[in-house]
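Written out below as C-alpha cells is the structure these notes cover.
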Amino acid sequence: MKQFEVYQVNLDPTIGAEIKKSRPAVIISPNVMNKHLQTVIVAPLTHTIKGYPSRVISQFQNQEGEVALDQIRTVDKLRLKKKLGTVDAGTSSDILNILQTMFQ
C-alpha cells in the first residue's frame, strides 16, 4: 500500500457529516508510515464537484470528481478492500500542495 494509490475503502460506520459508504479513496500517508503501521491516512474521492479550496479536482478511471482533503481519515488497512489504481502525477502534486497549505 503506497502513497497515491487508490483503494475501495469501507468508511462505515460514520457519524454526522462524515463521507459515508464504501468508496474510492487515495492514500495520502507517506510510504514509510504505510510500511510500518497497521493504518493508513486516506482522502475519499467523490463525484460531486463542490470547488472547495480543500479539494482537488481529479480524473480517475475516466470519471471526474474531487479528492476530499477536508475529509481525511486514518483507517485500519483492513478497511481497504481492493486496489483500483493510482492517481496521476498532477493530482499527486496538487494533493501535496493543498495539504501543505492546509497545515501551515
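Quick check: net charge around I49, other residues with Cβ under 11 Å of its Cβ, Lys/Arg +1 and Asp/Glu -1?
Charge balance in the 11 Å sphere: 0.
Net charge near K83: determine it from the other residues with C-beta under 11 Å of the C-beta of K83, scoring Lys and Arg +1 and Asp and Glu -1.
Result for the neighbourhood of K83: +2.
Need one number: nm distance between label points at K21 and H47, each 7 Å from Cα along Cα→Cβ, rounded to one decimal.
For K21 paired with H47, the spin-label model returns 0.8 nm.
Tell me the mean residue ellipticity at 222 nm calculated for the chain from its helices only (DSSP H runs of n ≥ 4, each -39500 (n - 2.57), averaged over every residue, nearest 500).
So the calculated ellipticity at 222 nm is -5500 deg cm²/dmol.
Tabulate in residue order the Karplus-calculated ³J(HN,Hα) for region 6-16, using 6.51 cos²θ - 1.76 cosθ + 1.60 with θ = phi - 60°, rounded to whole Hz; enter x for Gly and Pro.
10, 10, 6, 10, 8, 8, 7, x, 10, 10, x
With no solvent and one equal point scatterer placed on each C-alpha of region 5-102, evaluate the Debye formula and give log10 I(q)/I(0) for q = 0.12, 0.17 Å⁻¹, two decimals.
Rounded to two decimals, the profile gives -0.34, -0.71.
Around Q71, with a cut-off of 13 angstrom between Cβ atoms, what is the net charge of the other residues, counting Lys and Arg +1 and Asp and Glu -1?
Local charge sum for Q71: +3.
Order of H47, H36 from fewest to most other C-beta atoms within 10 Å?
H36, H47
Which distance in nm do the two modelled labels at M33 and L84 give, with both placed 7 Å along the Cα-to-Cβ direction?
Output for this residue pair reads 2.1 nm.
Compute, for the chain, the length of the dipole vector about the Cα centre, with Cβ point charges of +1 (Lys, Arg) and -1 (Asp, Glu) only. Units Debye, rounded to 20.
Computed charge dipole of the chain: roughly 400 debye.
Every read-out reported here was derived from the displayed coordinates using simple, explicitly stated rules and does not represent laboratory data. Computed from a predicted structure; not experimentally measured. All Cβ positions, glycine included, derive from the backbone under ideal geometry; neighbour counts span all protein chains shown.
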